[in-house]
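> Below is a structure I'd like to ask you about.
The values are calculated or read from the model by the stated rules, or taken from the named source; none is laboratory data. Nothing here was measured: the structure is a model prediction, and the numbers come from that model. Because the Cβ atoms are built from the backbone with ideal geometry, glycine has one as well, and the counts that use them run over all protein chains shown.
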Amino acid sequence: MKTRKIAYLGLLIALAFIFSYVEFLIPVNLGVPGAKLGLANLVIIVALYTLNDRDAFLLSMIRIVLVGFTFGSMASMLYSLAGGVMSFAVMVLAKRTKLLALTGVSVLGGVFHNIGQILMAIWVLHTPSLVYYLPVLLLVGSLSGVAIGVLGAMVTKRIQKIVIW
């Protein structure tokens, strides 16, 4: 791996960690646990479009583990890992089909992150009624996906001009 790429990956990890911290400091109570903007996902979507899939996935998993150990609990890390893996897989598939723009891919990522978290919570807690949170989480995931997607498209456009591996 080239030095520039390693430095870029380190920068993205630090930025995702900082965005997660900022989001941790700003409590948003939408009445549903887990509903948030997902600022760190801006970094993940930019990585998905400026790095290869393996490096972007590595970035996503490192961020989730670091944030889980620093600001969360093992349970929150487990839910985030489930959401992160499902979200990333769907975003990679959507990106490869080239049917959606970056913002559409981001919306799918936000929606499937919430689906992954709910499925993990249902499995861990043995509480199928948690599915009732899903409509609100899907709405929040869609709205945050649009916001993150629009910002991600602007950032990616600028970064792709300067990133040379």
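> I need the full set of residues from region 101-122 which are among the small types (Gly, Ala, Ser) and either more than 16 Å from LEU42 (Cβ to Cβ) or surrounded by fewer than 23 Cβ atoms within 10 Å (Cβ to Cβ) (or both), in order please.
Correct list: ALA101, GLY104, GLY116, ALA121.
> Now a separate question. Which of the helices (runs of 4 or more DSSP H) found entirely inside region 35-102 contain at least 2 residues meeting this: touching a His at 6+ places or on another chain (Cβ under 9 Å) and touching a residue at least 24 places away in the same chain (Cβ under 8 Å)?
By residue number, 74-97.
> Now for a separate question. Quick one: count up the residues across region 45-95 that are at pLDDT 95 or above, surrounded by fewer than 16 Cβ atoms within 10 Å (Cβ to Cβ) and more than 22 Å from LYS5 (Cα to Cα).
Total satisfying the criteria: 2.
> Right, here's the next one. Answer with yes or no whether PHE19 is surrounded by fewer than 18 Cβ atoms within 10 Å (Cβ to Cβ), of a type in the set (Phe, Trp, Tyr) and not in a loop (DSSP other than H, G, I, E, B).
no
> Regarding region 118-137, can at least one residue be identified that is under 14 Å from the mean Cα position of the chain (by Cα), free of Cβ contacts under 8 Å to residues at least 60 places away in the same chain and part of a helix (DSSP H, G or I)?
Looking through region 118-137, none of the residues is under 14 Å from the mean Cα position of the chain (by Cα), free of Cβ contacts under 8 Å to residues at least 60 places away in the same chain and part of a helix (DSSP H, G or I).
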